[in-house]
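Read-outs: derived from the displayed coordinates by stated rules, not from any lab. Nothing here was measured: the structure is a model prediction, and the numbers come from that model. Counting neighbours? That spans all protein chains shown, and the Cβs are built from the backbone with ideal geometry, glycine included.
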Amino acid sequence: SVQAASKPHYTITTDTTYPPFEFQTANGQFKGIDMDLLKAIAKREGFTYTLKPMSFNSGVQSVQAGQADAIIAGMTITDERRQTFDFSDPYYKSGIVIAANEKNKKVNSLADLKGQKVAVKTGTAGAEYAMSLAKKYDLKIVSFNDSNTMYADVMVGNEAAAFEDQPVMAYAIAQGTKMKIISKPAQAGDYGFAVKKGANAALLDKFNQGYASLVADGTYDKIVQSYLGKHG
Ligand code: GLN
């Protein structure tokens, strides 16, 4: 319709798989907390978008290259990223945990990882954290493009543990991934929707306004609870 054509249209990137924030259903639909927030915000704020799922690292780069207008991918707001991105208001609290194969009796703490291989996801806050510990614990870092492949490689025993965001790791375990969290959450941070610094201020504004209205009328809580239950 004429009205639909007049709405601003954006290209927004997300991670290929990062449940409960984004994941693909059996019929190819993208679902999750980020996906539902974005959909509801676009509807309220009157914009449309094309979703471009890709590895987290590629998504980050595509926004920087101007190939995508924004990213929503369980992306942690960090001071380093603030130099090249403008972030929305924070919408979810997170932190980084270390997780090992549930059956691995020898790995129960960070100290147990000394001299071993650990798995990280390229370009993530978890990877940065692992690198910051690498010298002290003599960690040998192995990088992956997506979380599922990373978990699978730890499960077959190629790495002793993976560095992952707490809500994502806890959700994977609750959904049946046979891993155990062996550390307290570290590097606490919040997730934000992000655009390239200085670009797309209008989109960022719409996100913040839409997000505030979803919080105010309880829709935000409903979305989170639909994935995590009442105590999520
Ligand atoms: N929260 C982490 C980060 O921003 C990981 C994001 C992800 O893997 N999608 O680096």
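Computed values, structure above
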{"read-out": "Count of residues meeting criterion [surrounded by 20 or more Cβ atoms within 10 Å (Cβ to Cβ) and β-branched (Val, Ile, Thr)] in segment 183-222", "value": "1"}
{"read-out": "Residues located in segment 144-169, provided they are small (Gly, Ala, Ser) and closer than 14 Å to ALA125 by Cβ", "value": "SER147, ALA162"}
{"read-out": "Matching residues in segment 157-182 - criterion: being aromatic (Phe, Trp, Tyr) and buried (at least 23 other Cβ atoms within 10 Å of the Cβ)", "value": "PHE163"}
{"read-out": "Tabulated pairs, segment 51-74, first in contact (Cβ under 8 Å) with a residue 40 or more places away in the chain, second basic (Lys, Arg) and in a strand (DSSP E or B), C-beta under 7 angstrom, 6+ apart or interchain", "value": "PHE56/LYS121; VAL63/LYS196; GLN64/LYS196; GLY66/LYS196; ALA68/LYS52"}
{"read-out": "Evaluation of PRO167 against (1) farther than 14 Å from VAL107 by Cα; (2) over 16 Å from the mean Cα position of the chain (by Cα) (one fails), failing number", "value": "(2)"}
{"read-out": "Qualifying residues in segment 124-144 (those that are within 14 Å of the ligand (Cβ to nearest atom) and not in a helix (DSSP H, G or I)) - the one surrounded by the most Cβ atoms within 10 Å (Cβ to Cβ)", "value": "THR124"}
